[in-house]
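Input: a single structure, listed below in structure tokens.
The values are calculated or read from the model by the stated rules, or taken from the named source; none is laboratory data. Bear in mind the structure is a predicted one, so any value in this text is a computation, not a measurement. Cβ atoms come from the backbone with ideal geometry, glycine included; neighbour counts cover every protein chain shown.
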Amino acid sequence: MKQTNIELYEKVFLIRYAEERIIELYPDDYMKTPMHMSMGGDAIASGVCQALEPDDQVLGTYRSHALYLAKTDETDNFFLEMYGKKSDIANGRSGSMHLSSLDRGLLCCSAIVGSTVPMAVGAAFANKYKENGVVVAAFFGDGATDEGVFWESINFACLKQLPILFVYEDNDIAVHSFNKARQGFKTLTKIVAQYNINVFEEIAVDPERVYNTTKTALEIMKVTHQPSFVRFSYHRYLEHVGISEDYTAGYRIKEDYKEWYDNDPIKIQRKKLIALGVSDDEIQNIENRIRCRVNESVKLAEKGEFVEVADLCKGVYY
């Protein structure tokens, strides 16, 4: 598991450092896109994508940085989109919220809450029809579980025994509204478990535990021919949209979440590498290599070209 843990660290560190650079650069106002940061939930995309096969497909939410970086391991187009420049994604149109990479299996991300869940079910249905062995992972947050289409998607996936993994990123809050204020039930997973679906739960601070839970969910899917549902609980470090902490708003108290900060995914995974015999110098080399990549991508994006005005509406349907 040593190599797996090294690769997991590379993923979580890449996500964290890329977002740290965004936080540093965003006040310069060259990135015109709204930012929904992944900090605190870095282990989820890292662990799940590590467990998936390269050809497997994923769909995500507007909080898309972690998923894009974990699935593609690509930073040039990522930052070009952040800056609204020409790229292989959407020529600056996607911004932060609509990232995709079809050749690497990231079908799409969307700012419309819950919208990619039925799309993921459709992709899973197509894969089953083709008998190509491809699994789809649908990532979604707390707000999506209140949408009617979420329950319709769960129901259809179970009826058709589709190869889909539902990844519930649960930080107990939708924008500024806690789950208990919106939901007339105690435990979502107990309700989902009434369907013909494999249900798992994990606290998502340890990337390896997320990886192992996902592996188990995928293996059981193959045996039962039923979809799987995994609830990963985590704490969102920053405000719903933006690059700052939101504890000044009064609905969250930072001191209540000290345990989450003490068990940060980066800290946990770094300690794990040391326990596995990876030297501090080797870890520093990993970090420096990733910093170098990200910083070069930032330079590329800063020098990048904007799409021509005449081409702005090409490929846009309205």
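Residue under question is Leu59, and the condition is that it be surrounded by fewer than 19 Cβ atoms within 10 Å (Cβ to Cβ) and either assigned to a helix (DSSP H, G or I) or in contact with a Ser or Thr (Cβ under 9 Å, 6 or more places away or on another chain) (or both); does it hold? Can you show your working first?
On the way: surrounded by fewer than 19 Cβ atoms within 10 Å (Cβ to Cβ): no; either assigned to a helix (DSSP H, G or I) or in contact with a Ser or Thr (Cβ under 9 Å, 6 or more places away or on another chain) (or both): yes.
It is false that Leu59 is surrounded by fewer than 19 Cβ atoms within 10 Å (Cβ to Cβ) and either assigned to a helix (DSSP H, G or I) or in contact with a Ser or Thr (Cβ under 9 Å, 6 or more places away or on another chain) (or both).
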message: I want to confirm something. Restricting to segment 255-278 and keeping residues that are basic (Lys, Arg) and surrounded by 15 or more Cβ atoms within 10 Å (Cβ to Cβ), which single residue is farthest from Met39 (Cα to Cα)?
response: Lys272
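Those residues that are closer than 21 Å to Glu202 by Cα and hydrophobic (A, V, I, L, M, F, W, C), I need them from segment 248-272; list them, please. Write out each step before concluding.
Of segment 248-272, the ones closer than 21 Å to Glu202 by Cα are 256-272.
Trp260, Ile266, Ile268 - these are the residues of segment 248-272 that are closer than 21 Å to Glu202 by Cα and hydrophobic (A, V, I, L, M, F, W, C).
Where in segment 143-254 are there helices (runs of 4 or more DSSP H), lying fully within it, with 3 or more residues that are in contact with a Gly (Cβ under 9 Å, 6 or more places away or on another chain) and surrounded by 19 or more Cβ atoms within 10 Å (Cβ to Cβ)?
Details: elements: 148-159, 179-182, 188-192, 207-224.
Here the list reads 207-224.
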- prompt: Mind checking whether some residue in segment 290-309 is free of Cβ contacts under 8 Å to residues at least 40 places away in the same chain, surrounded by fewer than 10 Cβ atoms within 10 Å (Cβ to Cβ) and assigned to a loop (DSSP other than H, G, I, E, B)?
  reply: no
field: Yes/no for Glu10 being in a helix (DSSP H, G or I), modelled with pLDDT of 95 or more and surrounded by fewer than 24 Cβ atoms within 10 Å (Cβ to Cβ)
entry: yes
